[in-house]
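Working notes for the structure below.
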Amino acid sequence: MFAIRNTKPEAGNKFYNNGNNGGSSWCVNGNPTDKGCNVLANCVGYACGRFNEIIGSMQYKTLCCNAENFIERAQAAGLEIGNTPKPGAIMCWAKGSLNGNDGAGHVAVVERVNADGSVYTSESSWAGAAFFNATRSNANGRWGMASGHTFRGFIYNPAVKEEPKPEPKPEPKKEEPKPEQRKEEPKKEQRKQE
């Protein structure tokens, strides 16, 4: 399992810098642009960087489009998509109509799935914070995003393998002895009372 990210990536981290700053990301500069991680503040630059950082190499550079189009880019790259939260997965939301002029959507990375079904994420935001963590529940059907957003799915990280859940062990059955194996109690003689 990977280490949960609770802090902004360190300056110079190649996953959060594009070629203009000595990194390996293809994402655009963030807004405002962070000096040490120039693809931040931007949810796309962060999610692409974190997804690949968990893998350990920049294998999925093409995850650098509008956030709402990550699903299609992931499918084209052969990544698995689903509706169940898993650690290391990218969460993807559309804003307004898909591919419309009403917003670019949002992406975040699942750091942990909590026992109650909520998720602990790491994120960035265009024209906002370069890095933050959030706990998101799906009580509103949009994993905590405001109306106008539609949750599109999870993009599963191939480097994160699910830990097998232990199978419940059946309790051993007490076998009834077969009729021929039953021991018959010796009959007690009844004494006549005198």
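The values are calculated or read from the model by the stated rules, or taken from the named source; none is laboratory data. Just so it is clear, the model here is predicted, and its values are computed rather than measured. These accessible areas exclude ligands, DNA and RNA; they are computed on the full protein's heavy atoms, side chains included. Shrake-Rupley method; radii C 1.70, N 1.55, O 1.52, S 1.80 Å.
General observations
- Taking every protein chain into account, the accessible area of segment 14-93 amounts to 38 square angstrom per residue (probe 1.4 Å).
- Whole-angstrom gap from segment 15-90 to segment 130-149, using each part's C-alpha centre: 19 Å
- Nearest-10 value in Å² for the accessible area of Asp34, using the 1.4 Å probe: 30 Å²
- Accessible surface of segment 16-152, 1.4 Å probe: 47 percent of it comes from carbon and sulfur atoms.
- Set Lys35/Lys61; Lys8/Lys61; Lys35/Lys86 screened for pairs whose C-alpha atoms are more than 28 Å apart: Lys35/Lys86
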